[in-house]
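Taking it in order: structure first as structure tokens, then the write-up.
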Amino acid sequence: MEGKKLLFKGGKRQYMNGFYMIPDYFNLKDSAELAKENGLGFEYNDFCFPGMLDNSDMQQERINEYFSLDRDRSNDTMHGAFFDVTVFSCDPKIREVSLLRMRQSMEIAKKMGLRAVIFHGNYLPFLRGEGYDKLWIAYTEETIRNLAREYPGIGIYLENMFDDSPEMLVRLAERLTDVPEFGLCLDYSHALLTSGKSEVWMRTMAPYIRHMHVNDHCFEGDTHLVPGEGKTDWKEFAELKEKYAPKATVLFEVSGIEKAKRALQFFTDSGKITM
């Protein structure tokens, strides 16, 4: 590797700092070792499922397993509840259950001592209209402000999911600049699937990007391929990240330790992409 250029600047140890992997629960010790050897953070994906959130015994068992690992969790992140979470619904009962799920996520993050929780905004662009947009902005802002007051110091990052542009997320972020816990998580792969205009997403969201999700696909669905095994232009990604979001942390969002190893290899293999 000496004398060659990497996808991101700096040597392997320095360059992998700020990168995250999803721990493989069925290979926890190997996941912890891989993370320790390469300076990776963890993003826990176990606690976003309704079955887990409704089973306190299973939840605590999983948390205890993570506590048994020899690692500092203070910079780790977690994917929060997202299935049908609609805090902006006009139905107060749906808002109530959605807020319950988000609070459950925040409670787990607090118990584990994590840095941040990532939630989906779940804005549906085909419902776009003055009334829908106002509800989405007002209720989502209210929810985030309440959660930030209840759980100070834990980041609340909103991720683009169905959004076909960064417009609504940025409008929300502009209203929440006084909430230090709030930020945006740019899912680069989701962005490419909607408009393909990666620089527009990066440039527009740049002031608010705290975290990113990356994986690969062939522009035919959110297939979560290992980076380098699809059609994403990773050289363009590297250039845009350095220009617009150099301090944002990055999760390679693939499941299982073997895929995590391949993603790690891709991002450290200078023969694939040069700057």
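The values are calculated or read from the model by the stated rules, or taken from the named source; none is laboratory data. Since the structure is predicted, the reported quantities are computational estimates derived from the model, not experimental observations. Heads up, the Cβs are rebuilt from the backbone with ideal geometry, glycines too, and the neighbour counts pull from every protein chain shown. Surface areas here come from the heavy atoms of the whole protein model, side chains and all, with no ligands, DNA or RNA. Shrake-Rupley method; radii C 1.70, N 1.55, O 1.52, S 1.80 Å.
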**Q.** Check on Met168, among the aliphatic types (A, V, I, L, M), under 29 Å from Asp91 (Cβ atoms) and at pLDDT 95 or above
**A.** yes
Q. Can you tell me which residues in the stretch 168-200 are among the charged types (D, E, K, R), touching a residue at least 12 places away in the same chain (Cβ under 8 Å) and closer than 23 Å to Phe252 by Cβ?
A. Asp187, Glu199
(Q) Looking at the stretch 141-149, can you tell me whether even one residue there is more than 20 Å from Phe83 (Cα to Cα) and loosely packed, with under 14 Cβ neighbours inside 10 Å? (A) yes
Q: Have a look at Arg210, Arg203 and point out the one that is in contact with a strand residue (DSSP E or B) (Cβ under 8 Å, 6 or more places away or on another chain), open to solvent by 60 Å² or more (accessible area, probe 1.4 Å) and outside any loop (DSSP other than H, G, I, E, B).
A: Arg210
Q: Kindly establish whether Gly196 is on the phi > 0 side of the Ramachandran plot and modelled with pLDDT of 95 or more.
A: no
Q. With respect to Leu124, is the statement that it is within 24 Å of Thr249 (Cα to Cα), surrounded by 14 or more Cβ atoms within 10 Å (Cβ to Cβ) and of a type in the set (A, V, I, L, M, F, W, C) true?
A. no
Q) Scanning for something assigned to a helix (DSSP H, G or I), touching a Gly at 6+ places or on another chain (Cβ under 8 Å) and not small (Gly, Ala, Ser), does the stretch 31-47 turn up at least one residue? A) yes
Q: Sort out which residues of the stretch 257-273 are in a loop (DSSP other than H, G, I, E, B) and open to solvent by less than 30 Å² (accessible area, probe 1.4 Å), and write them in order of number.
A: Ser270, Ile273
Q) Under the condition of being touching a Phe, Trp or Tyr at 6+ places or on another chain (Cβ under 7 Å) and without any contact (Cβ under 8 Å) to a residue 60 or more places away in the chain, which residue from the stretch 227-254 is surrounded by the fewest Cβ atoms within 10 Å (Cβ to Cβ)? A) Lys231
Q | Test for Val254: is it in a loop (DSSP other than H, G, I, E, B), closer than 30 Å to Arg149 by Cβ and in contact with a helix residue (DSSP H, G or I) (Cβ under 7 Å, 6 or more places away or on another chain) | A | no
Q.
Suppose we keep only residues that are open to solvent by 40 Å² or more (accessible area, probe 1.4 Å) and in contact with a Phe, Trp or Tyr (Cβ under 9 Å, 6 or more places away or on another chain) within the stretch 44-61. Which one would you say is nearest to Val250 (Cα to Cα)?
A. Phe49
Q: Quick one: in the stretch 214-226, of everything that is modelled with pLDDT of 90 or more and either in contact with a Phe, Trp or Tyr (Cβ under 7 Å, 6 or more places away or on another chain) or more than 11 Å from Tyr188 (Cβ to Cβ) (or both), which residue is most open to solvent (accessible area, probe 1.4 Å)?
A: Leu225
